[in-house]
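Colleague: Below you will find the structure I want to go over with you.
The values are calculated or read from the model by the stated rules, or taken from the named source; none is laboratory data. No experiment lies behind these values; they were computed from the predicted model shown. Backbone-built Cβ (ideal geometry, glycine too); neighbour counts: all protein chains shown.
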Amino acid sequence: MSGVRTLTQLQQRTRRPLVNAKRCAFLQPQLRTKATVPFRLPDARNEPNPTYEKGSPERTKLEAVLKRMKTQIPLQSEIHFSGKSQQVSKAWDQPLPADHKTTFTSYPLATKEQISTAIESALKAKKSWENTPFVDRAAIFLKAAELVSTKYRYELIAATMLGQGKNIWQGEVDAAAELADFFRLNCNYAAEILEKQPERGTDGMWSRLDYRPMEGFIYAVSPFNFTAIGGNLISGPAIMGNVVLWKPSPSNIYASTIVYKVLLEAGLPPDVIQFVPGDPEEINDVVFNHREFSGLSFVGSSDVFRSLAARIGEGIGKSTYREFPRYVGETSGKNFTLIHPSADIPSAVKHTVRGSFEYQGQKCSATSRLYLPESRSKEFIDALVQDVKGITQGNPHEDLAAFMGPVINRRAFDKIKGVIDEANNDSSLKLLVGGTYDDSEGYYIKPTVYLADSPDHKLFNYEIFGPVLAIHVYPDAEWSQILQKVDQAGGNFALTGAIFANSRTAIREAEDTLRYSAGNFYINCKTTAALIGQQSFGGSRSSGTNDKAGSSNPMFRFTSPRLLKEEFFPVSEYLYPSNK
């Protein structure tokens with residue numbers, strides 16, 4: 001169970017009764033600033049998902065919010081620190097991905113002076129927030145989860161559909177359910193950390209751990225593709241008592257603005273998390289040259305994370321920082337699906353369609369390379385092509401039933417278009433379905449599948465971050481050899497992977513051979529849709545630090561434990577018995 005132990009478990013451990021929990025909670029809430037006992041958080045749970053079927057109450061409510069929000073376009077996004085919205089002198093326009101002629105909102109660009117002021121304001125608030133009892137910090141984020149799942153549910157989903165091009169279901173599982181899960185479960189994970197105390201002792205002494213926040217500030221950088229990720233990157237460090245400077249993605253600014261306002265409404269002191277969108281280079285120049293920089297909480301591309309890690313290393317080398325900054329990064333993937341001859345092919349096909357093409361392949365966990373046995377290739381490819389041809393694609397906030405929408409922006413469209421143009425002219429590839437695109441209104445890429453002669457083709461190693469799937473057919477007798485290819489390919493990424501097989505021998509061989517090929521390995525399941533608290537998420541190699549979002553691990557990175565040892569007896573002699 002995540003969170004603190006039950007009273008029964010504590011009684012068994014200590015072999016003596018505890019005082020009445022309710023009475024202690026009433027008498028001592030302001031005195032117990034670090035410990036979680038005698039307080040007990042609500043049990044960890046996942047937010048349930050409504051179905052949004054046509055005519056359902058939830059769909060009707062969402063349609064009403066979408067209609068209202070569209071009449072207010074262009075919507076206003078903000079720079080927010082020192083407890084108020086700040087002046088914006090310059091901004092970038094963010095077009096609707098589904099209708100790029102329309103400006104959805106603008107991305108305010110904080111000046112270097114504003115960034116410096118935001119950091120100083122956060123540091124001034126640090127001591128007060130650090131000394132706020134854990135139960136009070138947790139209560140703020142538990143309340144925020146309730147606001148996300150009730151009052152702001154449809155506003156968050158609608159903003160994510162408009163600004164990020166998600167359909168209803170993708171918006172629901174991200175901006176409503178997963179965000180609420182992160183806010184709730186991060187409290188349980190914090191309690192799990194705070195509960196960890198030395199269990200062994202010696203008569204006459206007592207050892208205990210004080211989990212301090214980092215001494216300076218944490219810099220959080222969130223991506224466009226999940227509204228919930230921004231909420232996670234800031235809430236974990238903040239629940240542990242840190243202050244945070246948050247730079248949201250330019251393509252997720254408005255939904256992130258709502259998340260920030262939800263936290264303020266839930267009671268978060270305004271200077272604990274500073275909402276500072278801006279030009280990344282200008283923000284980075286201020287952050288990575290600041291003595292109080294203590295940690296980076298990041299989700300984005302491997303190249304960007306590598307460059308930020310290098311800057312941190314440079315700062316360490318120059319003794320820029322008071323302490324060695326921590327960093328947590330979840331980055332790119334080139335995720336595989338491996339089909340064994342014993343697989344349930346119809347199920348594998350459906351999983352592949354979802355894993356490759358839901359949200360236009362713009363998930364770091366999306367399936368983008370697939371290895372198929374020759375004996376089952378026709379059955380699989382025929383069914384896959386039929387399903388992909390039937391995928392509906394359209395404006396997600398107009399055609400609410402569309403399975404796919406647009407990719408996020410012009411840069412993404414041009415990158416994927418370039419990959420498709422090159423692949424269409426490659427004689428070693430066979431186009432099975434798709435291979436076209438249309439940017440006349442929005443940034444639309446048709447779901448595309450190629451059959452490759454070689455498992456060493458570029459498409460098996462290059463992260464596209466779009467709806468393009470490469471398939472290689474291998475001879476059944478070369479099962480063991482293809483496992484080696486799966487491990488060696490993938491552009492040195494190791495985020496997610498899946499095997500479909502009914503043979504336990506094949507599953508065991510794949511699980512063992514591909515032990516380092518994916519941080520999340522799925523058996524008879526697609527590579528996407530890890531559920532917070534059930535499948536903690538993260539990859540290694542070039543896919544990040546693998547600290548596993550949806551667990552206590554990344555939160556532990558932003559705490560600095562202090563060991564306290566207390567002795568209850570005097571020492572009357574400095575000599576040991578062996579000295580006599």
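Colleague: Of the residues that sit in the stretch 250-261 and are more than 26 Å from residue 126 (Cβ to Cβ) and of a type in the set (S, T, N, Q), which one is farthest from the chain's Cα centre (by Cα)?
Modeller: Within the stretch 250-261, the match that is farthest from the chain's Cα centre (by Cα) is 251.
Colleague: Looking at the structure I just gave you, is residue 455 in a loop (DSSP other than H, G, I, E, B), over 22 Å from residue 170 (Cα atoms) and touching a residue at least 40 places away in the same chain (Cβ under 8 Å)? Steps first, answer last, please.
Modeller: Numbers: in a loop (DSSP other than H, G, I, E, B): yes; over 22 Å from residue 170 (Cα atoms): yes; touching a residue at least 40 places away in the same chain (Cβ under 8 Å): yes.
Spelling it out, residue 455 is indeed in a loop (DSSP other than H, G, I, E, B), over 22 Å from residue 170 (Cα atoms) and touching a residue at least 40 places away in the same chain (Cβ under 8 Å).
Colleague: Of all the residues that make up the stretch 553-580, how many are of a type in the set (D, E, K, R), under 23 Å from residue 204 (Cα atoms) and touching a residue at least 60 places away in the same chain (Cβ under 8 Å)?
Modeller: Here the count works out to 4.
Colleague: Quick check: is even one residue across the stretch 449-456 surrounded by 14 or more Cβ atoms within 10 Å (Cβ to Cβ), within 25 Å of the chain's Cα centre (by Cα) and at negative phi?
Modeller: For the stretch 449-456, residues surrounded by 14 or more Cβ atoms within 10 Å (Cβ to Cβ), within 25 Å of the chain's Cα centre (by Cα) and at negative phi: absent.
Colleague: Go through (1) of a type in the set (A, V, I, L, M, F, W, C); (2) closer than 19 Å to residue 167 by Cα; (3) in contact (Cβ under 8 Å) with a residue 60 or more places away in the chain for residue 384 and report which single condition fails.
Modeller: Status for residue 384: all satisfied but (2).
Yes/no matrix, rows are residues, columns are (1) part of a loop (DSSP other than H, G, I, E, B); (2) more than 27 Å from residue 398 (Cα to Cα); (3) not acidic (Asp, Glu):
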site	(1), (2), (3)
174	no, no, no
191	no, yes, yes
202	yes, yes, yes
257	no, no, yes
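Colleague: How many residues are among the hydroxyl-bearing types (Ser, Thr, Tyr) and outside any loop (DSSP other than H, G, I, E, B) if we restrict to the stretch 57-85?
Modeller: 3
Let's see how each residue does on (1) over 31 Å from the mean Cα position of the chain (by Cα); (2) of a type outside the set (Ser, Thr, Tyr); (3) closer than 19 Å to residue 336 by Cα:
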residue	(1), (2), (3)
365	no, no, yes
396	no, yes, no
399	no, yes, no
406	no, yes, no
411	no, yes, no
422	yes, yes, no
428	yes, no, no
445	no, yes, no
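Colleague: Further question on the same structure: Would you check which residues across the stretch 433-474 are touching a Leu at 6+ places or on another chain (Cβ under 9 Å) and of a type in the set (S, T, N, Q) and list them?
Modeller: Answer for the stretch 433-474, where residues must be touching a Leu at 6+ places or on another chain (Cβ under 9 Å) and of a type in the set (S, T, N, Q): just 448.
Colleague: Let me confirm something: among 450, 443, which residue is modelled with pLDDT of 95 or more, under 27 Å from residue 92 (Cβ atoms) and hydroxyl-bearing (Ser, Thr, Tyr)?
Modeller: Only one candidate qualifies: 443.
Colleague: Which residues, taken from the stretch 17-53, are at pLDDT 95 or above and over 24 Å from residue 183 (Cα atoms)?
Modeller: Scanning the stretch 17-53 gives a single hit, 53.
Colleague: A further question on this structure: Being buried (at least 17 other Cβ atoms within 10 Å of the Cβ), β-branched (Val, Ile, Thr), out of contact with any Leu (no Cβ under 6 Å at 6 or more places or on another chain) and in contact (Cβ under 8 Å) with a residue 24 or more places away in the chain: is that true of residue 349 here?
Modeller: no
Colleague: Something else now. Check off (1) in contact with a Pro (Cβ under 8 Å, 6 or more places away or on another chain); (2) surrounded by fewer than 23 Cβ atoms within 10 Å (Cβ to Cβ); (3) more than 24 Å from residue 480 (Cβ to Cβ); (4) of a type outside the set (Gly, Ala, Ser) for residue 341 and give me the number that stays unchecked.
Modeller: With respect to (1) in contact with a Pro (Cβ under 8 Å, 6 or more places away or on another chain); (2) surrounded by fewer than 23 Cβ atoms within 10 Å (Cβ to Cβ); (3) more than 24 Å from residue 480 (Cβ to Cβ); (4) of a type outside the set (Gly, Ala, Ser), residue 341 is out only on (3).
Colleague: In the stretch 342-372, what residues are assigned to a helix (DSSP H, G or I) and either of a type in the set (Lys, Arg) or closer than 25 Å to residue 98 by Cα (or both)?
Modeller: Across the stretch 342-372, the qualifying residues are 350, 352, 353, 354, 355, 356, 357, 358, 359, 360, 361.
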